Amino acid sequence: MEAKTPAESFTIMNELVLPNDTNTFGNLMGGRLMYWMDIAAGIAAGRHCNTPSMTVSVDNLSFKNPIKLGNVVHIEAKVCRAFNTSMEIHLKVWGEDLLHQYKYESNEAFFTFVALDPNGKPRQIPSLRPESEEEKKLYEGALRRRQIRLILADKMKPEDANELKALFAEKIS
Ligand SMILES: CC(C)(COP(=O)(O)OP(=O)(O)OC[C@H]1O[C@@H](n2cnc3c(N)ncnc32)[C@H](O)[C@@H]1OP(=O)(O)O)[C@@H](O)C(=O)NCCC(=O)NCCS
């Protein structure tokens, strides 16, 4: 399978915050935003692996600024590392005030998707070849983030997380 670049999975999604999308404060509901982010991540995953895929994990979802009723939600997603059957997708979200013409950061997150074969079993995906400096940084960090996820999911023993151990050793020394 030929390696792909993050640019090949790059996805932009825009939504308008309507009354039915808001909480009692008149801001976009977190759950609605997560729904849209999951779709954007799913499109990016599909562009990378060209097979059906599923969300297996979501992490680091913290909300910096609320997005207001009537503002535009701007979501960008791209694959930042592909492993064997799973891939990590980086998402960035902004709010956009069209009347006053400014954009503000809302949140950032990492989603992990698994590619599935016709029997619903995980299947091999193309590797990823990062190009820009930012993409290379995300690519390197993805290995450590994966180890944290797998340890928390009880799928990896902490003593096997070599990259994480090396990072802690470096920080302590
Ligand atoms: C996705 C699913 C088919 C994977 O099955 P599984 O038995 O966990 O398969 P494996 O243990 O072989 O894991 C498959 C891949 O997922 C990764 N993975 C599994 N659990 C993970 C987790 N919590 N976080 C990150 N990656 C995870 C594994 O590392 C592996 O990746 P790799 O092949 O690139 O190394 C299964 O977990 C599932 O059906 N989950 C429900 C998904 C779902 O319903 N999503 C919709 C949201 S409700």
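The values are calculated or read from the model by the stated rules, or taken from the named source; none is laboratory data. Predicted model only: the values in this text are computed from it and were never measured. Ideal geometry is used to build each Cβ from the backbone, glycine not excepted, and the neighbour counts take in all protein chains shown.
Remarks
- Count - residues of the stretch 1-11 that are loosely packed, with under 12 Cβ neighbours inside 10 Å and touching a strand residue (DSSP E or B) at 6+ places or on another chain (Cβ under 7 Å): 1
- Scanning the stretch 44-98 for residues that are of a type in the set (A, V, I, L, M), in a strand (DSSP E or B) and either in contact with a Ser or Thr (Cβ under 7 Å, 6 or more places away or on another chain) or within 16 Å of the ligand (Cβ to nearest atom) (or both) returns 54, 56, 58, 61, 77, 79, 82, 87, 89, 91, 93.
- Against the list (1) more than 12 Å from the ligand (Cβ to nearest atom); (2) under 30 Å from residue 69 (Cα atoms); (3) of a type in the set (Phe, Trp, Tyr), the condition residue 139 fails is (2).
So that you can scan it fast, the table gives a plain yes or no per residue for (1) over 22 Å from residue 122 (Cα atoms); (2) exposed (fewer than 15 other Cβ atoms within 10 Å of the Cβ); (3) in contact with a Pro (Cβ under 8 Å, 6 or more places away or on another chain):
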position: 31; (1), (2), (3): yes, yes, no
position: 35; (1), (2), (3): yes, yes, no
position: 44; (1), (2), (3): no, no, no
position: 50; (1), (2), (3): no, yes, no
position: 64; (1), (2), (3): yes, yes, no
position: 89; (1), (2), (3): no, no, no
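- Taken together, the residues in the stretch 149-162 that are within 14 Å of the ligand (Cβ to nearest atom), without any contact (Cβ under 8 Å) to a residue 24 or more places away in the chain and not in a loop (DSSP other than H, G, I, E, B) amount to 4.
For every residue, the table says whether it meets (1) in contact (Cβ under 8 Å) with a residue 12 or more places away in the chain; (2) away from the ligand (no atom under 16 Å from the Cβ).
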{"position": "103", "(1), (2)": "yes, yes"}
{"position": "109", "(1), (2)": "yes, no"}
{"position": "113", "(1), (2)": "yes, no"}
{"position": "126", "(1), (2)": "yes, no"}
{"position": "131", "(1), (2)": "yes, yes"}
{"position": "134", "(1), (2)": "no, yes"}
{"position": "166", "(1), (2)": "no, yes"}
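- The conditions of being at pLDDT 95 or above, acidic (Asp, Glu), surrounded by 16 or more Cβ atoms within 10 Å (Cβ to Cβ) and under 11 Å from the mean Cα position of the chain (by Cα) are not met by residue 15.
- Meets criteria (in a strand (DSSP E or B) and either touching a Ser or Thr at 6+ places or on another chain (Cβ under 9 Å) or among the polar types (S, T, N, Q) (or both)) for residue 14: yes
- Unique match (being touching a residue at least 60 places away in the same chain (Cβ under 8 Å) and of a type outside the set (Ser, Thr, Tyr)) among 91, 69, 33: 33
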